[in-house]
Amino acid sequence: MELSLATRTVAEHTVLEVGGEVDVYTAPRLRERLVELVDGGARKVVVDLGRVDFLDSTGLGVLVGALKRLRAAGGGLDLVCDKEPLLKIFRITALDQVFPIHPSVDAAIAATSDGPEA
C-alpha cells in the first residue's frame, strides 16, 4: 500500500497527516518529510496516525528520530492515534511512555498549547 503524507498548520502547530503503511519501504519518505519540517522551522509537530494501517519498527525508528531532532531544536512531537493495534505497538515497545499520544488532533493541540512541551 502507498504512503500518503499531507501537512497543514493549526494554530502554531504543524500537523503531518500520515496514511497507509509505514514500513521499511515507505519510512524513508516519512523521515524525509519530518526532517524538512524541522529544518523549515517547525517546532510543535503533531503526527496524525489516524489513517495508518500498518506501522513497523522502521516507522517507529523514524518517529523516535524526529522526536530527538525536535527536542534538540527546542520543540516537541505529539502523536495522534486511536487505533488499538497501533496503540498496542506503542505499549509493547514502551514508546507510549516516550510520546504523548492523543485521540485527536484537537486534543493534541489543546495539550501542547496549555503547557510546556513534552
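No lab work stands behind these numbers, since they all come straight from the coordinates. What you see is a predicted model, and the numbers here were worked out from it, not measured in a lab. Note that each Cβ is placed from the backbone with ideal geometry, even for glycine, and that neighbours are counted across all protein chains shown.
Scanning the range 6-16 for residues that are of a type in the set (A, V, I, L, M, F, W, C) and touching a residue at least 40 places away in the same chain (Cβ under 8 Å) gives VAL10, ALA11, VAL15. Looking for something polar (S, T, N, Q) and out of contact with any helix residue (DSSP H, G or I) (no Cβ under 6 Å at 6 or more places or on another chain) - is there at least one such residue anywhere in the range 12-19? Scanning the range 12-19 turns up no residue that is polar (S, T, N, Q) and out of contact with any helix residue (DSSP H, G or I) (no Cβ under 6 Å at 6 or more places or on another chain). Any residue at all in the range 17-40 that is touching a residue at least 60 places away in the same chain (Cβ under 8 Å), closer than 23 Å to ALA111 by Cβ and touching a Ser or Thr at 6+ places or on another chain (Cβ under 9 Å)? Within the range 17-40 (the criterion being touching a residue at least 60 places away in the same chain (Cβ under 8 Å), closer than 23 Å to ALA111 by Cβ and touching a Ser or Thr at 6+ places or on another chain (Cβ under 9 Å)), the answer is no, since none of the residues qualifies.
When the range 1-18 is filtered for residues that are surrounded by 13 or more Cβ atoms within 10 Å (Cβ to Cβ) and β-branched (Val, Ile, Thr), the ones remaining, listed by number, are THR7, VAL10, THR14, VAL15, VAL18.
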